[in-house]
1. Starting from the Cα of ASP52, move 7 Å in the Cα-to-Cβ direction to define the label point; list residues of region 110-134 whose amide nitrogen is under 20 Å from there.
2. Multiplying the sequence separation of GLU23 and ARG7 by 0.36 nm and subtracting their Cα-Cα distance, what value in nm do you get?
3. Once Rh is set to the Kirkwood radius over Cα pairs, what Stokes-Einstein translational diffusion coefficient, in µm²/s, holds for the chain at a temperature of 10 °C and a viscosity of 1.306 mPa s?
4. Might you tell me the accessible area per residue for region 22-105, computed with a 1.4 Å probe and given in Å²?
5. Of all alpha-carbon pairs in region 62-121, indicate the percentage at a distance above 19 angstrom.
6. In deg cm²/dmol, rounded to 500, what helix-only [θ] at 222 nm does the chain give when every DSSP H run of at least 4 residues adds -39500 (n - 2.57) and the total is split over its residues?
7. Using unit Cβ charges (K, R positive; D, E negative) and no other charged atoms, how large, in debye to the nearest 20, is the dipole of region 44-145 about its Cα centre?
8. Label-point separation (nm) for LYS100 and LEU35, each offset 7 Å from Cα along Cα-to-Cβ?
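The values are calculated or read from the model by the stated rules, or taken from the named source; none is laboratory data. Because the structure is predicted, anything quoted here is derived from the model rather than measured. Every residue, glycine among them, receives a Cβ derived from its backbone with ideal geometry; neighbour counts consider all protein chains shown. Note: areas computed on protein heavy atoms with side chains; ligands, DNA, RNA excluded. Shrake-Rupley method; radii C 1.70, N 1.55, O 1.52, S 1.80 Å.
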Amino acid sequence: MPSTPSRPAFLVVDGNNIIHAWEDLLVLHRRRRGLGHVELCRRLRQYLDCADFRIVVVFDGRGSRREEEREPGGLQIIYTDGGNSADDVIERLVARNIKKYRIVVATDDFAEQNLVSSFGAEVWSARMLQSAVDGSEGDWRRYVR
């Protein structure tokens, strides 16, 4: 279903799940924990320039309270609190907002895919997200030339 001005689209990314699914991000993550997060967010910012989505990336807890960063370009980063997983936050976001927005959830977690799709969200695998992100990088390079 294409997005329309009355129904904006959100891409919700299960951050740690994607880091563990993309081999190069996993290597960075194993080298130093935060490197995978930084690189995933960098790629999503770049994708945001070409995408018809607002992007929300959700990472599992970084402390005792939930932290959110909203960047002017449309990327929102959420670190859950210790009492909630990224899956919990993603499920609540989808359940609360599916009637107002087109929502695509990127994760390889099959249970999460099944649950959010039952709410009406679209699902992208880690590979589908990587193809979209990599394709936008190629589009951007062609545009600059």
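1. Within reach of a label on ASP52: 120-125, 128-134.
2. Working: separation 16, 0.36 × 16 = 5.76 nm, distance 3.41 nm.
Going from the current span to full extension adds 2.4 nm.
3. Numbers: Rh = 15.5 Å.
After rounding, the answer is 103 µm²/s.
4. Values: 4610 Å² over 84 residues.
That works out to 55 Å² for each residue.
5. Values: 665 of 1770 pairs.
The calculated P(r) of region 62-121 puts 38 percent of pairs beyond 19 Å.
6. Values: 6 runs with 73 residues, N = 145.
Value at 222 nm, helices only: -15500 deg cm²/dmol.
7. On the way: 15 positive and 18 negative charges, 86 e Å.
Dipole magnitude for region 44-145 comes out near 420 debye.
8. 3.9
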